[in-house]
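Taking it in order: structure first as C-alpha cells, then the write-up.
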Amino acid sequence: MNVLHVSYSDLNGGAARAAYRIHRSLIEQNKYKNISSKMRVVNKMSDDSSVYSDKSIFTSMLKIKIVTVLNKLSRLNFKPATNILHSTALIKTNFIKRINSHFNDEKGIVNLHWLGDSTISIEEINKIEQPVVWTLHDQWPFCGAEHYVYSFSDKNNEDFDKRYIDGYESINRPHSERGFDINRNTWLRKYKSWNKKFHIVCPSNWMANCARESYLMKNYPIHVIPYPIDLNIWRPAPKLESRKKFNFPSDALIILFGAVGGANDKRKGADLLFDSLEILFDQSDKSVLAKIQLVVFGQDHSDEISNKYKYPINFLGRISNDETLRYLYASADIFVMPSRQDNLPQTAIESQACGTPVVGFANGGLLDIVEHEVTGYLAEPFDPLSLAFSIKNLLEDRNRLLEMSYASRARSLKLWDQKVISKKYINLYEEAFDR
C-alpha cells in the first residue's frame, strides 16, 4: 500500500511531530506488511530521506513568502475575539500537482495532517485524486479559519462558540469579533468545495465528538486513533541521575510544565497553573514549600512572570532533543497539563511513557490520557483551587507517586505503542481504499 502524508512540516510544532510519528510508525510496520510511507512537506526540518520538501513547487522561498503575505492580507480587516491562530488557505499553491503525480497512476492513500495557510488551498484539497484520510490535529478542518473554537468563560465548560455546530451565519457571530467575517467566508469555501467524504481520524474522543457535532463533518466517517509513541525512546530513567543533568536538588518536589509557546499560549492554561500554585503556597506546610520547584520548558526566562509569584520558577527554554526531554520528564515528580483546550497533548503522553504522573483538568484529550487516581489526577475545569488540591495530594504522598509512575508506564505500553497504532492506521487505509 502506497501512503503519502501531507503536512506543512515534519518537526516544526506539535502537530508536525505527531504527523511524523505516524509516518515513522508505518515505516516500522513495513517489516510485517508491505507498506510504503512517504511524507511531503513545505518546511522540512529532519534529515529523513523518506520526507520530501516541496519548496521547489513554489519556484523559490520568495513565492512561499508571497503566499504567506497574501493570506495575511486576507485577514487584515479582521479582529478576532482571542489570539487563536487563524488560517484561510486562500491562495492556490499547486501542491496538488505534486500530490497527484506522486502515485504515478498507482492506487494509494493521501493522509492529510496540519496544513495551515501555505500548504494547499481549500479548493485544491477537493482535487486530490486518491482516497483521503485526514488526521485532525486541531479543529480547523471543520471550523472556519480558526484552529480552535473560542472559549468565552473558565466558569462554564460549555460556554464556547458553537458556529461550527450550527453553521456560520451572520446572526451567530461572536459579538467581540470585528471586521470582515473570515471565519464565515472560510467555512463557506469548505462547505461549497468539499463534495467528498474524507475518512476523519481524531486522536482523542473529545475531538471525535466535536467532529461528529460539526455541521461540516457530522456525516463523514470518523475514527478515533491516538498518536503513536516510540517507547524505546520515551522510557523511564533513574530520578536522581536525571536530576543531576539539570542540577536539580535530589530532595526537591519538582512540578513540570511545558508547551511550545510556554506560558504565552492562554489555551495551554499556564496562568491557571500559576494561580493554583499561589493557592498551594498559601495552604501548605513551610517544610513542603521549601522543596517545591516549578520547571517550565518551551519558554525562556520571564522576569514579568517570576516577579509576579512568590515561588521559584525555573525557565529552561525550548528543548528540541528527545533524550534531554526524556530525562527532564524523569526528573519531575509530576507533569501538569492545565489546558483549557487540547486534542491529545503529546507532552502528557511522553511524560507518562517516562513514568511521570500527569495532573490536569478533566477536559479535552486529557480524559483519554489520564486515568484519574491511577496515572494522575483530573481536576475540576478550570478551577485553580481544585488543581492545587490535586497537586498537593500527590506531592504529599510519595508512595502514591511511585504507584502512579508504574501505572503510567503500563498505560503507555497498552495505548500508544507505535506498533499498535500503525496497525490501526493500516486497517483504516484498507477500509478507505476499498470504499
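Determine, yes or no, whether K218 is among the basic types (K, R), farther than 30 Å from D383 by Cα and not in a loop (DSSP other than H, G, I, E, B). No. Of all residues in the stretch 80-110, those that are among the small types (G, A, S) and closer than 22 Å to G261 by Cα total 2. Of the residues in the stretch 98-110, at least one is buried (at least 20 other Cβ atoms within 10 Å of the Cβ), in the same structural domain as N195 (by TED's automatic domain parsing) and either at pLDDT 95 or above or part of a loop (DSSP other than H, G, I, E, B) (or both). Applying the selection to the stretch 76-97, what residues are part of a loop (DSSP other than H, G, I, E, B) and not aliphatic (A, V, I, L, M)? Once the filter is applied, which keeps residues that are part of a loop (DSSP other than H, G, I, E, B) and not aliphatic (A, V, I, L, M), the stretch 76-97 yields N77, P80, T82, N83, S87, T88, K92, T93, N94.
Within the stretch 27-57, the residues that satisfy the criterion of being modelled with pLDDT of 90 or more and among the acidic types (D, E) are D47, D48.
Cβ separations smaller than 8 Å between residues 6+ apart or across chains give the following pairs from the stretch 105-134 residues that are free of Cβ contacts under 8 Å to residues at least 60 places away in the same chain and under 19 Å from R189 (Cα atoms) to residues that are assigned to a loop (DSSP other than H, G, I, E, B) and hydrophobic (A, V, I, L, M, F, W, C): D117/A89; D117/L90; D117/I91; S121/A89; S121/L90; S121/I91. With a requirement of 3 or more residues that are under 29 Å from S151 (Cα atoms), the helices (runs of 4 or more DSSP H) lying completely within the stretch 251-328 that satisfy it span 270-283, 303-306.
Of the set (1) hydroxyl-bearing (S, T, Y); (2) assigned to a loop (DSSP other than H, G, I, E, B); (3) surrounded by fewer than 20 Cβ atoms within 10 Å (Cβ to Cβ), all apply to Y191 but (2).
Examine the stretch 360-375 for a residue that is modelled with pLDDT of 95 or more, assigned by TED's automatic domain parsing to the domain that holds D275, among the hydroxyl-bearing types (S, T, Y) and assigned to a loop (DSSP other than H, G, I, E, B), and state whether such a residue exists. Looking through the stretch 360-375, at least one residue is modelled with pLDDT of 95 or more, assigned by TED's automatic domain parsing to the domain that holds D275, among the hydroxyl-bearing types (S, T, Y) and assigned to a loop (DSSP other than H, G, I, E, B).
Annotation note: of L316, L385, L344, the sole residue that is touching a residue at least 40 places away in the same chain (Cβ under 8 Å), of a type in the set (A, V, I, L, M), surrounded by fewer than 20 Cβ atoms within 10 Å (Cβ to Cβ) and under 25 Å from S46 (Cα atoms) is L316. Within the stretch 108-124, the set of residues being out of contact with any helix residue (DSSP H, G or I) (no Cβ under 7 Å at 6 or more places or on another chain) and under 21 Å from L428 (Cβ atoms) comprises G108, N111, L112, L115. Return yes when A259 is under 24 Å from D138 (Cα atoms), buried (at least 21 other Cβ atoms within 10 Å of the Cβ) and either at pLDDT 90 or above or of a type in the set (K, R) (or both) and no when it is not. The answer is no for A259.
The values are calculated or read from the model by the stated rules, or taken from the named source; none is laboratory data. Here the structure is a predicted model, which means the values were calculated and not measured. A quick note on method: Cβ atoms are made from the backbone with ideal geometry, for glycine too, and the neighbour counts reach across all protein chains shown.
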